[in-house]
Amino acid sequence: MSSPFPIIDPNQRRPDQIADAGTYRKNDPVWVWAPRTGQWRPGVVDTSSKLAVLVTFVLGPGGGTAVDSLLPRHVMPRDERDVGIDGGVTDPSLPRRPHTMRPTPTGTPIVV
């Protein structure tokens, strides 16, 4: 039985195992090394640059999401769908839910 998440330490990944940040596209399913939890979490790409990937990812089994910009070694492609971030869609040919920003009462934007 395979692990439901990657078991590699992101700091032990070889350069040939790490995709350039700019190769990731909006809504790409990814694994994210969550800095707060020290675990790989499922996520989706919001955008990327030459240096970093902005992702929305599941915080943990209890739900909730976070948005963070990460270096490429902390992101890797994900093949499996995850209901927590991909929604209840099980057909991979269907489009993903778009992520949009809306302001909160304090003016800070959040992903909805």
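The values are calculated or read from the model by the stated rules, or taken from the named source; none is laboratory data. Fair warning: this is a prediction, and the values are worked out from it, not measured in the lab. When we count neighbours, we look across all protein chains shown, and the Cβ atoms used for this are built from the backbone with ideal geometry, even at glycine.
A few remarks follow.
- Extreme residue, modelled with the highest pLDDT, among residues of the range 85-110 that are aliphatic (A, V, I, L, M) and surrounded by fewer than 13 Cβ atoms within 10 Å (Cβ to Cβ): I110
- Failed condition for R13, given (1) surrounded by fewer than 13 Cβ atoms within 10 Å (Cβ to Cβ); (2) touching a residue at least 24 places away in the same chain (Cβ under 8 Å): (1)
- Single residue of the range 31-84 satisfying the filter (in a loop (DSSP other than H, G, I, E, B) and touching a helix residue (DSSP H, G or I) at 6+ places or on another chain (Cβ under 8 Å)) that is surrounded by the most Cβ atoms within 10 Å (Cβ to Cβ): A52
- Residue count for the range 27-77 satisfying the condition of being on the phi > 0 side of the Ramachandran plot and under 8 Å from the mean Cα position of the chain (by Cα): 0.
- Selection of the range 24-66 for residues being more than 21 Å from D9 (Cα to Cα) and either free of Cβ contacts under 8 Å to residues at least 24 places away in the same chain or β-branched (V, I, T) (or both) yields R25, K26, T47, G62, G63, G64, T65.
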